[in-house]
Amino acid sequence: MAEMPEFESEMHRTAVAQLDQVAERLHLDHDTHVRLRYPRRALVVSIPVRMDSGHTEVFMGYRVHHNTALGPTKGGLRYDAEVSMGEVTALAMLMTWKCSLMGLPYGGAKGGVRCSPRNMSKRELESLTRRYTAEIILMIGPDLDIPAPDLGTDEQVMSWIMDTYSQQKGHTVPGVVTGKPIEIGGSLGRLEATGRGVLACVVEACRHLSLPLENARVVVQGYGNVGAAAAKIAKSLGARVIAVSDAKGGVLDTNGLDLGKVDAWVREHRFLTGFPGADEISNTEILELPCEVLIPAAVQNQITERNAGRIACRVLAEGANGPTTLEADAILDERGIFVVPDILANAGGVTVSYFEWVQGLQQFFWTEEEVNSRLINLMQRAFRDVLTLAGSQKSNLRTAALIRGIDRVKEAKRRRGVFP
Ligand code: NAD
């Protein structure tokens, strides 16, 4: 099949290789297979921003729709120094499988701007976000494509997108993004949803392996939106969170970290570095700590063939997208490490985004208990479905999750046919 130089990146190669492997196993027809290897549309924009220094800097931004067979597309927006067209395209493909696996009426999308958000002022970030939104405005909308927070973006960024889009349309359009603040149509429970979903999978995995969660050692790489929520929910379920990290490094206390104190420190100092009463640990070391549950919740390509032989957990629940390479996956499999793959483990975020979209369209808002219990139900259902399929297919959970996700898209495409 044709090469795709436009999307050249490690992550895209992995995403396409995963699709190819499952296509072979599923006996996917050639036409569907070849179509799904390519995104439906991909937009590149340049974004001039007047910086606080008075100079203008130009940033590159992307928005990619991978597939629309199941409905409008949905996917996060990432602000990070490593963002590229290839990365965003791979993440859009993962979103297609994730939404399909969860039974949500969405195709997959992703967006990104190559920038270092932690080195930018709030005003610069607002200018960047508003201009990016104006540049991609033809690609987004409540019936077309609905962005959400991802690495380096948050509810404030979503508010600026919603406001910019609404200004252009002449009326307020809350449904254009999810992950909004509550005051402008956000959903209760959205902030912690991805972390809550990760823990719902961890609970199921521990039950399956007869591994008690009580006092289990939990390690979290990436103490951000996903990682911090996952750590706190793990602790609330009786586990012992022994180490967490951020982009600058991590902290370790084998007796269990006091997460209240960790939060207070991060609020004041921004990074974990210097947190008193715990040992410092690097982002490489943290992944190799002996523990029951490891949750990578930072960036991709963290567990590779170089360190997979030294990963010392029983359950690896992928909060991040693409933290494990294909080669590492095979090694973890051989070593009997139970991997809950990203498209299942971190699907809680898009699931509650879907709840937010539904609540917004109906102008009827649910209680936090309703949101959380519906989320847990859907996560448990998806986990058990994938586990059963893995049993019948004699595969690992990643392959089973991909089979389920790709199969639903295949059926939708078959029913719809090819236009014209
Ligand atoms: P975030 O920006 O809130 O937090 C990311 C955390 O990782 C921060 O603590 C940051 O300092 C740290 N980090 C950044 N680069 C790192 C590196 N190289 N090594 C170690 N730590 C690093 O982002 P987030 O929204 O929590 O997203 C984290 C991951 O979860 C991403 O892979 C994202 O795609 C995935 N994800 C997020 C959501 C969501 O709802 N936010 C949903 C599904 C998947």
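The values are calculated or read from the model by the stated rules, or taken from the named source; none is laboratory data. None of these values were measured; they are calculated from a predicted model. Note: ideal-geometry Cβ built from the backbone for every residue, glycine included; neighbour counts use all protein chains shown. Note: accessible area is taken over every heavy atom of the protein model, side chains too, but ligands, DNA and RNA are not part of it. Shrake-Rupley method; radii C 1.70, N 1.55, O 1.52, S 1.80 Å.
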Under a Gaussian network model of the chain whose springs join Cα atoms within less than 10 Å, the largest fluctuation of M85, M60, M379 belongs to M60
When the chain is treated as a Gaussian network with springs between alpha carbons less than 10 Å apart, the largest mean-square fluctuation among T172, T56, T68 is found at T56
Estimated inter-spin distance, V34 and R123, nm [label 7 Å along Cα→Cβ]: 5.4
For labels at I182 and M4 in the simple 7 Å Cα→Cβ model, what's the distance in nm? 4.0
In angstroms, what radius of gyration and Dmax does the range 113-233 have, counting Cα atoms only? 17.7, 56
Quick one: what does P(r) look like for the range 307-413 with 5 Å bins over all Cα pairs, in whole %? 2, 11, 18, 20, 17, 14, 9, 5, 3, 1, 0
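Restricting to Cα atoms and excluding each atom paired with itself, what does the Kirkwood estimate give for the range 166-272 in Å? Can you show the working numbers first?
Values: mean 1/r = 0.0642 Å⁻¹.
The Cα-based Kirkwood calculation yields 15.6 Å.
I need the fraction of alpha carbon pairs in the range 267-362 separated by more than 24 Å, rounded to a whole percent.
Percentage above 24 Å: 36.
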Normalized C-alpha radius of gyration of the chain, against 2.2 N^0.38 Å? 0.94
For the residue pair S373 and R267, what label-to-label distance in nm results when each label sits 7 Å from Cα along the Cα-to-beta-carbon direction? 3.1
Of all DSSP beta bridges with both partners in the chain, the antiparallel percent, nearest 5, is 50
Where the Cα atoms of the range 233-322 are projected onto their three principal axes, how long is each span, largest first, in whole Å? 36, 28, 22
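When the solvent-accessible surface of protein heavy atoms is calculated with a 1.4 angstrom probe, in what order do K232, K261 fall, highest first? Mind dumping the intermediate values first?
Numbers: K232 85, K261 125 Å².
Accessible-area ranking of K232, K261, largest first: K261, K232.
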Pairs over 19 Å Cα to Cα, from K110/K180; K235/K261; K98/K232, come to K98/K232
Set the Förster radius R0 to 56 Å, insert the Cβ-Cβ distance between R416 and E285 as r into 1/(1 + (r/R0)^6), and round the FRET efficiency to 0.05. 0.70
Just how many % of Cα pairs in the range 209-267 lie over 12 Å apart, if you round to the nearest whole percent? 65
Kirkwood-based Rg over Rh for the range 1-69 (C-alpha set), two decimals? 1.18
